[in-house]
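For reference, the structure discussed in these notes is given below.
The values are calculated or read from the model by the stated rules, or taken from the named source; none is laboratory data. Here the structure is a predicted model, which means the values were calculated and not measured. Note that each Cβ is placed from the backbone with ideal geometry, even for glycine, and that neighbours are counted across all protein chains shown. For the accessible areas, the whole protein counts, side chains as well, though only heavy atoms, and no ligand, DNA or RNA atoms are used. Shrake-Rupley method; radii C 1.70, N 1.55, O 1.52, S 1.80 Å.
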Amino acid sequence: MAMVMKSSDDGREETQPIISHFSHRHPLESSELHEDDNGVCSGCEHDVVGPAYVCTKATCHFLLHGLCSDLPRRLRHRCHPSHPLALLPSPPYGDGEFTCDACGRSGHGFTYHCGACKFDLHVECASLPEIEDRRDVHQHALILTADLPDGQDLVCCACDDFVAKGLWVYCCLACKCGLHLSCA
Ligand SMILES: [Zn+2]
Ligand SMILES: [Zn+2]
Ligand SMILES: [Zn+2]
Ligand SMILES: [Zn+2]
Ligand SMILES: [Zn+2]
Ligand SMILES: [Zn+2]
């Protein structure tokens, strides 16, 4: 499925004053949030300061970062090559929570989801850079890796702790050196 992007000639997105968004039943209004608004994005669950889309219903607390309102609905990720991932407005599980397959933490907002594998990613984990260049902790570029080869015990070169199996990690396989996502 191709994605249709609306963009002007200079490649910048036009900011529309009112949008309807697939993730929410009420119209959303373009707004600029400040620190004392204490806004929390309903998509990524992080604080919002700056451009946002806020629900037009005063009793509704739904809001999105400008960037989170504009995420692709489908995504192919190098770390989950067999299936495309679909952006869901909320976790498809009964308890309203998912566990991110990249960082291992829970989420309650948007998820990039594969139904066949029950695979979920936070939106920020789905957009982690493929290569992390951290010459301060390791002399080579570190590659985002989902599946460590069997029998590899990696130690994080930033915090010296072991890297748990099953979670994504930045690593240099040549040197058997890892970097936790949280340390990157
Ligand atoms: Zn967000
Ligand atoms: Zn609303
Ligand atoms: Zn995550
Ligand atoms: Zn899958
Ligand atoms: Zn670490
Ligand atoms: Zn290395």
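Annotations
- Of all residues in the range 118-142 being open to solvent by 70 Å² or more (accessible area, probe 1.4 Å) and away from ligand 4 (no atom under 13 Å from the Cβ), the one that is nearest to the chain's Cα centre (by Cα): Ser127
- Positions within the range 161-174 being within 16 Å of ligand 6 (Cβ to nearest atom), at pLDDT 90 or above and out of contact with any helix residue (DSSP H, G or I) (no Cβ under 8 Å at 6 or more places or on another chain), in sequence order: Cys171, Cys172
- For the range 34-57, the candidate set comprises residues that are assigned to a strand (DSSP E or B) and within 16 Å of ligand 2 (Cβ to nearest atom); within that set, the residue that is farthest from Val123 (Cα to Cα) is Cys55.
- Residues located in the range 143-163, provided they are surrounded by fewer than 20 Cβ atoms within 10 Å (Cβ to Cβ) and more than 22 Å from Leu121 (Cα to Cα): Asp150, Gly151, Gln152, Asp153, Val155, Ala158, Cys159, Asp160, Asp161, Phe162
- Verdict on Asp10 being at pLDDT 95 or above, over 23 Å from Ala116 (Cα atoms) and among the charged types (D, E, K, R): no
- The listed residue being away from ligand 2 (no atom under 16 Å from the Cβ), more than 28 Å from Ser23 (Cα to Cα), in a loop (DSSP other than H, G, I, E, B) and not charged (D, E, K, R), out of Ala158, Ala116, Ala102: Ala158
- Pairs are defined by a Cβ separation below 6 Å, a sequence spacing of at least 6 or placement on different chains, a first member in the range 81-93 that is free of Cβ contacts under 8 Å to residues at least 40 places away in the same chain and under 12 Å from Cys117 (Cβ atoms), and a second member that is surrounded by 15 or more Cβ atoms within 10 Å (Cβ to Cβ) and of a type in the set (A, V, I, L, M, F, W, C); the pairs so defined are His83/Cys114.
- Taking the criterion of being open to solvent by less than 60 Å² (accessible area, probe 1.4 Å) and free of Cβ contacts under 8 Å to residues at least 40 places away in the same chain, the residues of the range 169-182 that qualify are Val169, Tyr170, Cys171, Cys172, Cys175, Cys177, Gly178, His180.
- Being within 30 Å of Glu35 (Cβ to Cβ), open to solvent by 70 Å² or more (accessible area, probe 1.4 Å) and touching a strand residue (DSSP E or B) at 6+ places or on another chain (Cβ under 8 Å) holds for only one residue in His65, His61, and it is His61.
- Of all the listed residues (Gly166, Gly115, Gly104), the sole one being surrounded by fewer than 19 Cβ atoms within 10 Å (Cβ to Cβ), farther than 30 Å from Ser69 by Cβ, touching a residue at least 24 places away in the same chain (Cβ under 8 Å) and not aliphatic (A, V, I, L, M) is Gly166.
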